[in-house]
1. Return the distance in nm (one decimal) between the two label points of a simple spin-label model at T54 and S15, each offset 7 Å from Cα along Cα→Cβ.
2. Provide the gained length on full extension for the span T63 to T82, in nm with one decimal, where the gain is 0.36 nm per separating residue minus the Cα-Cα distance.
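Values in this text are rule-based calculations from the coordinates and carry no lab data. Note that the structure is predicted; figures quoted are calculated from it, not measured. Here the Cβ positions follow ideal geometry from the backbone for every residue, glycine too, while neighbour counts run over all protein chains shown.
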Amino acid sequence: MKTFRPFDFILFFSSLFCGVFLTVKGMNIKGDKIRVNAGGTEYEYSAASDGTYTVEGSLGKTTFEIKDKKVRIIDSPCQNKTCIKQGFHTPLVCLPNNVIITVISGHENGDFDAISE
């Protein structure tokens, strides 16, 4: 029978902490624009414009909602609907339908450098 060593516990809890931190951080990202890549075509929406939008992916139409500068997928033609279960998160990925949605802020356009961020 194998026993756990102290390093095993450290590795486990640090991995757990990183996973929780990145999940919470991804849920709280707000930005100025929503960038959608659907089936090789790129679209850009204002994050300030709350509403429901639809784009055409490889399998069909994916519908997403912008609310309070956050985005979530609310309908997709894929079978497993994992993209819908992601909720308000970024990036949102629907691999079967070839749709990727990200929230971007104004400083990603080159307004700031890495030091001023």
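1. That separation, rounded to one decimal, is 4.3 nm.
2. On the way: separation 19, 0.36 × 19 = 6.84 nm, distance 1.38 nm.
This chain segment gains 5.5 nm when fully extended.
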